[in-house]
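Reviewing the structure listed below.
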Amino acid sequence: MVGSAYRFAGLRKRVGVVVRVSPKPMVVFGSGKARTVSNSRLGKAEIVLDLSSVPSELFRLQTVAERSESWASGLAGWLEDQGTESSQLDSQSDRRLYARSAIAAGRVDMAKDSGLSQEEILWLQMHSAMSYGDSDVAVEKALALPPDRFPDKVAVLARALSVGDYSLTGDEADLLDGWPSSMTGVLALRMAAALPIDENRWDVVCQELGLSPEDDETFWLHALAAGESSVEESSEKAARIFESVASGNRPAASGQHSEPVSLEEKAIAARKGYIALLAPNEALDLWRSARRALDDLVDDFQVELTEAESDLPDELVARVNPDSLPQHALESLNHTWEIARRRYERGVEGEWGSTAADFHYAALTALRKGDISRAGDLEDSNGVLEAVVASFEEQQLVGKALDDPTTWSVLVDLIGPEDIPGQSEHAGPWYLSRGIAQLLDWDWSEARDLARESLRNSNDEAVRDEALNLLAFADYQEGNYEPAMVALERALEGDYTAALQANAGIVAEHMDPDRAAYHLGQLATEAPNNDLRLAAVRRAFHIWTSNRQAWEEEEEEDGESFELPGGLIDAIRGLAVQDIELEDFRDMLRLLANFDREWLADESHTSASPHVTSVERRVFVAKASADPADYIEAIASGLKRNSDLEWLAAERDSVVNGLRSLIFKDPENVGPAVYAFTAVDIGLPMDPFDLVVLTGGAVISISRSLASEEQIPAERVVELFEQARSSVGDLSDDERNAAEEIINIAGNSLAMAIAAGHEEQLRQGLQAFERLTSQLNGIPMRRINWTEVTKALRPIHDMASESISELDRAKSYSSATELTQAIDNVAEGFNKLRRYATNPRSFFS
Amino acid sequence: MTDIDRRNPYIILGLPFGSNEEEARAGFAKARRRLRRDPDAQYTTEDLTWALHQIEQLITHPELAIDVYRVPADPGAIESDARGVFHPAPHPVARTTDTESAEEWEQLRAAALSNAVRRVLTERLEASAQYIPYQ
């Protein structure tokens, strides 16, 4: 198919475009050369660009010509060889395709032979240039077209505008007026055309683009377009926008804000009188491309670097950030003013040099001491120094000296404090600073007065808060806690500060624990770092628990529940899922396990903690759960894996001691004994003495309970008792004496329970025996099948034998004669029962 | 609650809260000199020693600072960085360029305008799904 590209095999594979099929196929190869090929060779070639669906042969050729310059060259030669003339082309579309092919092939002269008008040739050249990505040629051709025809040139112009630095002249912009704004690209061009030229056109375009004239972005564009005129720059809105752009932020307009403002925009905004925040590389760019403009900004103090520069030239740093330049660089640059300023700030005594800077700073140093004799050497750019000199002469602050806060401390020290200025934004901080100085001089009273002066003279929240803090400290030092607290709580209104909150906690500690816990709970929730939060929690807990008993002793005696304030609980919950040290995590969970059990028992609440797999979490979540056995098992599991965990051993000791205490305090309450039994049964690692005592206590409590219910203790109880009893010999002498006493009591209790349980069993055995034998009443003895009767009584016989054996073992636990006798009595009953069960005939005889 | 319970180690040494060890030692020396001059001062040498020890502890264990009243609570409120004749701003070195910068400013303005226009056009037209032929 003509126009399609084929890959031909041979010594090397080559791609060519078929431009003719008869009488013999002709192919233009990538080299630009046209060659005929055989039909068979063409048939074997691989199609790489199939244009068979494109109906026009010329369009196919144009397509391939625009794909490759070498093909275009070859096609041009082929076209020329064809000698095609307009008369041979059947239709307007064929003529256009021929001309486009010729243009693509670089033969505009041939295109002109196509019979198309000059304008159409321009139009085709425009599109051809765009297909090659040549915006300049495309725009040139587009602008050469008649203004009122060929609408697609607008899209071409818009595209060129969006990819290059192209802008329209006024005449060029006029050609857009005839086109509807709905057309692609028209709006873009209109906007670009209107900006530097025409206010009326600008308003229309803003409206069409949906840009409100009130938008900040619109204002900024307009300000840029207007240059030095036509924009109201003194308004609040202008100030906000210029300041925003100068600092690198977009004007706060609606719409997308993905792209930041450019360096040039920052510079222009700064030129309006605002500080340009420049990154070091931006400063360097301006330094290289517009140094005079940068110098203008520096001279007006309108440049600040956003970060410390590293590789900037010293000359540039000396302009934009001289404070950061090392001394040797200053000397190398002979920057005498900065050298002298630094010496002055350091307060270096001695002779000054002979530069203008030396004269100025020597005179300033003298002036600071009240010596105005060298005032003539001062460089006084704004008249403040003249006012300072006048203040000295008049013995009171006058003129511009009042507006410069750095003059105050100097002048007031020299003139006297009675003339302290009041009506100034600097007065509040000044009083505050002096108040703190008085505080550090241990003069609470003077500090308090100055704090009040600061409050009277400042509306700044930070200054007022600090003055209130100062006032509160002075009251606190004198033991006036309530006014101190009132001042701090006023300071805490508005912006939060951790330091004020901590101070409130300290003062509140002297008032009541709930108030202290509230403030420290606030600190624990809102402090800027986990360390401070943890410290606040610990402090709050300590204050609250240590004071609560003293303050609320009666309530404690009533046994009411012991709850932490809600704010403190919230803070602890928050910390429990933060990335804190394991030790801190343990402390927080321990508090929660004691005071917020329900919350902690839900494992999902702490699943976000970095310590989610820790022993601590398992133990304290178990502790918070409803079943103490879970807690004991968690401790046992942790200690079996790592017996060196001191905190866990302490938890274990706490559990063991608690259970032991409860058991011996009230042995009739079997609950603690059950958990003690669980601890022993699952092998909770513990001290051997503790093990013996806890087992003994559990056996006592459980045995007494069983005895009262005439139930026989389980075999496991007996086993653990025997283990404990056998361990006594391994204890030290003192421990053994104490343990033996407990084991004796436990043995008696156990024996008593066994006896009581078996006594009941004996009663039941006798009843069963009587029920069975009663059925034999009235039956002649000789007719009774005694073999069957004996067989029926076999369970009773076995039960009696087993009981006799257990009672015999129980006797070994008893150390009391009466108890032993009682056991013997029960055993005798079982002996009788067993005899009758063995030989029932004897019962009837 | 006694006065001892309210003792503040920083205040005793005449230091703002958060002072470092070096400042604490300097404060200690200064306060001792003051005590020698003023035998009726409200603190004793034992107080000063206690305060120095406390501050050293606070430096190594900052969490203990939870018990210390902070003055100032916000150092920024009193650390005036106000510049003026007695606290002059750093001096930029004198410019080496001439002051005829109008042409540069016009170039900057044109570039700024071009950048701003392109930014707004791109955002507005992309947002409205308008245009972009010849992708």
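Every number here is computed from the coordinates shown, using simple stated rules; none is lab data. Bear in mind the structure is a predicted one, so any value in this text is a computation, not a measurement. So basically every Cβ, Gly included, is an ideal-geometry build from the backbone, and we count neighbours across all protein chains shown.
Between B:THR45 and A:THR306, the modelled labels are 5.8 nm apart [label points 7 Å from Cα along Cα→Cβ].
Strictly greater than 19 Å: what percent of every Cα pair in segment A:259-313 meets that? Percentage above 19 Å: 17.
Which of the peptides A:701-714, A:757-770, A:101-114, A:368-381 is most tightly packed, and how do the rest follow, going by the mean number of other Cβ atoms within 10 Å of each residue?
A:101-114, A:701-714, A:757-770, A:368-381
Counting, for every residue in A:432-443, the Cβ atoms of other protein chains within 10 Å of its Cβ and taking the mean gives 4.
Other protein chain C-beta atoms within 10 Å of residue C-beta, averaged over A:290-298: 6.
What the phi angles of segment A:600-614 give under the Karplus curve with 6.51, -1.76 and 1.60, with θ = phi - 60°, is a coupling list of 5, 5, 7, 4, 5, 5, 10, 5, 7, 5, x, 9, 5, 9, 6 Hz, glycine and proline written as x.
Across segment A:722-734, rounded Karplus estimates of 3J(HN,Hα) from the backbone phi angles (6.51 cos²θ - 1.76 cosθ + 1.60, θ = phi - 60°) give 5, 4, 4, 5, 6, 7, 4, x, 7, 7, 5, 4, 4 Hz, Gly and Pro being marked x. The label point for A:GLU331 and the one for A:GLN767, both projected 7 Å from the Cα toward the Cβ, are 11.4 nm apart. Any idea how far the Cα center of segment A:636-666 sits from the one of segment A:355-375, in Å? Between the Cα centres of segment A:636-666 and segment A:355-375 lies a distance of 78 Å. Shielding of peptide A:397-405 by partners, expressed as the average count of other chain Cβ atoms within 10 Å per residue Cβ, is 2.
Couplings 3J(HN,Hα) for segment A:691-703, derived from phi with the Karplus relation 6.51 cos²θ - 1.76 cosθ + 1.60 (θ = phi - 60°), are 4, 5, 5, 5, 5, x, x, 5, 5, 4, 5, 5, 5 Hz, where x marks Gly and Pro. The amide H of A:LEU305, built 1.01 Å from its N in the peptide plane, has A:LEU278 as neighbours under 5 Å, considering only residues 5 or more places off or on other chains.
In this structure, the amide hydrogen of A:VAL27, modeled 1.01 Å from its nitrogen in the peptide plane, lies closer than 5 angstrom to those of A:VAL19, A:ARG35, A:THR36, A:VAL37, counting only residues at least 5 positions away or on a different chain. Rg over Rh for segment B:3-75 works out to 0.95, both radii taken from alpha-carbon positions and Rh defined as the Kirkwood radius. B:ALA29 to A:ARG490: FRET efficiency via 1/(1 + (r/R0)^6), r the Cβ-Cβ distance, R0 45 Å, to the nearest 0.05? Rounded to the nearest 0.05, the efficiency is 0.75. The listed peptides A:733-741, A:635-643, B:108-116, ordered by packing as a protection proxy, come out as B:108-116, A:635-643, A:733-741 (highest mean of other Cβ atoms within 10 Å first). Taking packing as the residue-averaged number of other Cβ atoms within 10 angstrom, the listed peptides A:681-687, A:343-349, A:578-584, A:507-513 run from highest to lowest as A:507-513, A:681-687, A:578-584, A:343-349. To the nearest 0.05, what FRET efficiency results for A:ASP734 and A:SER815 with a Förster distance of 22 Å applied to their C-beta separation? The formula returns an efficiency of 0.60 here.
Amide H contacts of A:ILE47 (H built 1.01 Å from N, in plane; Pro and chain starts excluded): A:ARG7 sit under 5 Å, all sequence-distant by 5 or more or on other chains.
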